[in-house]
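Nothing in this text is a laboratory measurement; each read-out follows from the coordinates by a stated rule. Please read these numbers as outputs of a predicted model, since none were measured by experiment. We place every Cβ from the backbone using ideal geometry, glycine too, and count neighbours over all the protein chains shown.
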Amino acid sequence: MAVNKGKKNKEEGLVRSMNKTVDLVVKGTSFLGINSYGQIMVGDKAFEYYNDRNVHDYIQIPWEEVEIVAASVMFGKRFIPRFVLKTKASGNFTFACKEPKKVLKAINKYIPGDRMRRSLTVRDVIVKRVRGLFGK
């Protein structure tokens, strides 16, 4: 299972982190269902997201479950509006933050470079569809 629901601490009602050490914590947005704002945490065991408003709304993705990390790159590597973690079992999880380059560099410690990709631009998708319609 790609998303670990975590274990709630019964005394405090808080969620336990899967990470032993944390490399980076930044504010971010999750696009799972309705947008939610919270903290993105990159650590030694997992990628984690915790909602600021709801303690029980969180996402924990162990590094073993991540297949591919894809980033939307615009303006020649100058702007990365969002990135996606594609998992083996639970689908895609899209996130955005103000410092995506730092987050992707932190993720690159645990996910090899051959599994980190650029996502297709709108132009690339259109060209690919047109070529599919008319052949090569």
Report task. Rank Ala96, Gly76, Ile40 by how far each Cα sits towards the positive end of the charge dipole of the chain (+1 on Lys, Arg Cβ; -1 on Asp, Glu Cβ) and give me just the farthest. Result -> Gly76
Query raised in the report: In degrees, nearest 10, range 0 to 90: what is the angle between the Cα axis of helix 122-134 and the longest Cα principal axis of the chain?
Result: 50
Query raised in the report: How large is the helix-only mean residue ellipticity at 222 nm for the chain, computed as the sum of -39500 (n - 2.57) over DSSP H runs with n ≥ 4, divided by its residue count, in deg cm²/dmol to the nearest 500?
Result: -5000 deg cm²/dmol
Query raised in the report: For the chain, what is the charge dipole size about the Cα centre, in debye to the nearest 20, if Lys and Arg each add +1 at the Cβ and Asp and Glu each add -1 at the Cβ?
Result: 660
Query raised in the report: Among all stretches of the chain without exposed GluC sites (Glu not before Pro) (DSSP loop, at most 16 other Cβ atoms within 10 Å), which one is longest?
Result: 13-136
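Can you give the FRET efficiency to the nearest 0.05 for Gln39 and Thr94, using r as the Cβ-Cβ distance and R₀ = 25 Å?
Between Gln39 and Thr94 the formula returns 0.95.
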